[in-house]
Amino acid sequence: MRAKEFLTEQQLSDVHDALDVAALSLPNTYMMPEINNSNFYDIYRFGLAVAAVRGESGNDNVHAHKTPEFRAKSKWGPNLIISSFDPDVKQVIQQALKKVNKKGIKTVSSQGSDEMLDTNKGSPVKGFKGYPK
């Protein structure tokens, strides 16, 4: 039968783990033992740190503005943040927390959408005769 010419069996002793394969086939591959790949906050902060290092390297001519200082932890820390235009989202969150046997919700913003104090709220378009403001 022709199928035997191209089908082969693999012995269990020939099975490789991911690091064996990466060591041979993936260039510049590194493992960070102190960053747990199931801790999404640490992964997120590390990703931001990589972006900060790249941004601070001076190789990016597109951004002439001063980049903000990188902090190892955000003000909100590893806490989940939900933001919504739905005015009833707080009740939805509270019900969902109850379903997963969790409690605690803290408001960190205003109820409406407010502007920063330095935001110009005036229209840049000046009214003229024949066009109402």
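Take Gly77 and tell me if it is loosely packed, with under 10 Cβ neighbours inside 10 Å, out of contact with any His (no Cβ under 7 Å at 6 or more places or on another chain) and at pLDDT 70 or above.
Working: loosely packed, with under 10 Cβ neighbours inside 10 Å: yes; out of contact with any His (no Cβ under 7 Å at 6 or more places or on another chain): yes; at pLDDT 70 or above: yes.
Answer is yes for this residue.
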Next on the checklist: Can you pull out every residue in segment 82-107 that is surrounded by 10 or more Cβ atoms within 10 Å (Cβ to Cβ) and within 21 Å of the chain's Cα centre (by Cα)?
Outcome noted: Ile82, Ser84, Ile93
Next on the checklist: So Thr67 ticks every box in (1) surrounded by 10 or more Cβ atoms within 10 Å (Cβ to Cβ); (2) under 20 Å from the mean Cα position of the chain (by Cα); (3) assigned to a loop (DSSP other than H, G, I, E, B); (4) at pLDDT 75 or above but one. Which box is left unticked?
Outcome noted: (4)
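The values are calculated or read from the model by the stated rules, or taken from the named source; none is laboratory data. As the structure is a prediction and not an experimental result, all values here were calculated from the model. For neighbour counting, all protein chains shown are included, and Cβ atoms are generated from backbone atoms with ideal geometry for every residue, glycine included.
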